[in-house]
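Undergrad: Structure incoming, see below.
The values are calculated or read from the model by the stated rules, or taken from the named source; none is laboratory data. Everything quoted here is computed from the prediction, not taken from an experiment. Backbone-built Cβ (ideal geometry, glycine too); neighbour counts: all protein chains shown. Ligands, DNA and RNA are stripped out before the accessible areas are found, and what is left, the full protein with its side chains, is counted by its heavy atoms. Shrake-Rupley method; radii C 1.70, N 1.55, O 1.52, S 1.80 Å.
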Amino acid sequence: MMRSTIWTVALLAALVAFPLVAPALGLDFYISFVRRVLIYALAATSLNLILGYGGMVALGHAAFFGAGAYAVGILAMSGVTSALIVWPVAMALAGVLACITGAISLRTRGVYFIMITLAFAQMLFYIFISLRQYGGEDGLNLPGYSTLPGIDLSHDVSFYYLVLALFALLMWVFSRVVSSRFGMALQGIRENESRMESMGYPVYRIKLVAFTLSGAAAGLAGALLANHNLFISPSLMHWTQSANLLIMVLVGGIGLRWGGVAGAVVMLTLEEVLRLWTEYWHLPLGVLLLCVVFGAPRGLVGLFGPLFGGRAAAQAGKVGS
């Protein structure tokens, strides 16, 4: 535990120091890049809650990610830009959508669960494509950043530190949730749902709460990404975006606290580096991912286990709803 704390503090210290040293090293551009990585790390971690700790293989998580982004855009077009209003609304909208999706999909298992979550995501994708007043398939340009008292989000470094603060806060909340009685019950359901039900645990309600919390966190990540890009596209809700988040968790480590973070860092960094070498960057990225999957079936964080304090769940590589 002590080693885990030391590495966590060291990571946060490095992230805090990065914008201060980046200009001197000519790495100003990467302040924005690291901010984007942190946002995707939040989205991947939210998926890891239900995938790694609840055993729910959802292929529609991008719907909540995109819903949070669109909440920011639609409210901005209506003249509402305060982050104190817009971001909670984004979380609430994504949470409600997750609750509705979960209320139906969690009554099924296996491939049926996967297909229902995918169907809900694709339904939202096509709904937003049809909304011409919000850009349709061309997407929506935001008129400006969300506003916060005392913080100028148009300033790269200020926005970076805000995202870092939210990242640190949500990772702490995530750690508390998975270590709580609720988190232990969720992991018990993943291991043996029938036994947990026979012991009197409200299995369906626990899974639904986890699914809703996961969706709300993804909504916040979407709201941050909307401000990062100042552009929103229905592609954020496409099933390929859900697959990307799923791959991030798989690469980082399913059921490991830093799995989603590590997966986001590796995926986005490889994408950024390979783009510099070839326009066909998907091919070498795919080969590298295959090497990771076969060489580290528990994910990259699983290779270092105690170093990150991310004890793998028993059967970390076995997931199912």
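Undergrad: Condition (residue is assigned to a loop (DSSP other than H, G, I, E, B) and either surrounded by fewer than 18 Cβ atoms within 10 Å (Cβ to Cβ) or not aromatic (Phe, Trp, Tyr) (or both)) applied to the stretch 132-141: is it met by at least one residue?
TA: There is at least one residue in the stretch 132-141 that is assigned to a loop (DSSP other than H, G, I, E, B) and either surrounded by fewer than 18 Cβ atoms within 10 Å (Cβ to Cβ) or not aromatic (Phe, Trp, Tyr) (or both).
Undergrad: Next up: Checking residue 24 against (1) small (Gly, Ala, Ser); (2) over 21 Å from residue 153 (Cα atoms); (3) in contact (Cβ under 8 Å) with a residue 40 or more places away in the chain; (4) open to solvent by 10 Å² or more (accessible area, probe 1.4 Å), which single condition isn't satisfied?
TA: Status for residue 24: all satisfied but (3).
To keep it simple, each residue is scored yes or no on (1) over 23 Å from residue 55 (Cβ atoms); (2) surrounded by 19 or more Cβ atoms within 10 Å (Cβ to Cβ); (3) without any contact (Cβ under 8 Å) to a residue 40 or more places away in the chain; (4) not aromatic (Phe, Trp, Tyr).
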site: 183; (1), (2), (3), (4): no, yes, no, yes
site: 189; (1), (2), (3), (4): no, yes, no, yes
site: 198; (1), (2), (3), (4): no, no, yes, yes
site: 224; (1), (2), (3), (4): yes, yes, no, yes
site: 227; (1), (2), (3), (4): yes, yes, no, yes
site: 234; (1), (2), (3), (4): yes, yes, no, yes
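Undergrad: Suppose we filter the stretch 268-295 for residues that are among the hydroxyl-bearing types (Ser, Thr, Tyr), closer than 19 Å to residue 33 by Cβ and surrounded by fewer than 10 Cβ atoms within 10 Å (Cβ to Cβ); how many remain?
TA: Adding up the residues that qualify gives 0.
Undergrad: Under 8 Å between Cβ atoms, at least 6 apart or on separate chains: pull out the pairs that start in the stretch 248-259 with a residue that is closer than 16 Å to residue 170 by Cα and end on any residue that is aromatic (Phe, Trp, Tyr).
TA: 256/308; 257/174; 257/308; 258/308
Undergrad: State the number of residues belonging to the stretch 94-122 that are surrounded by 18 or more Cβ atoms within 10 Å (Cβ to Cβ), under 22 Å from residue 240 (Cβ atoms) and hydrophobic (A, V, I, L, M, F, W, C).
TA: 9
Undergrad: For the stretch 157-179, give me each residue that is among the β-branched types (Val, Ile, Thr), within 15 Å of residue 53 (Cβ to Cβ) and either open to solvent by less than 40 Å² (accessible area, probe 1.4 Å) or touching a helix residue (DSSP H, G or I) at 6+ places or on another chain (Cβ under 7 Å) (or both).
TA: 177, 178, listed by residue number.
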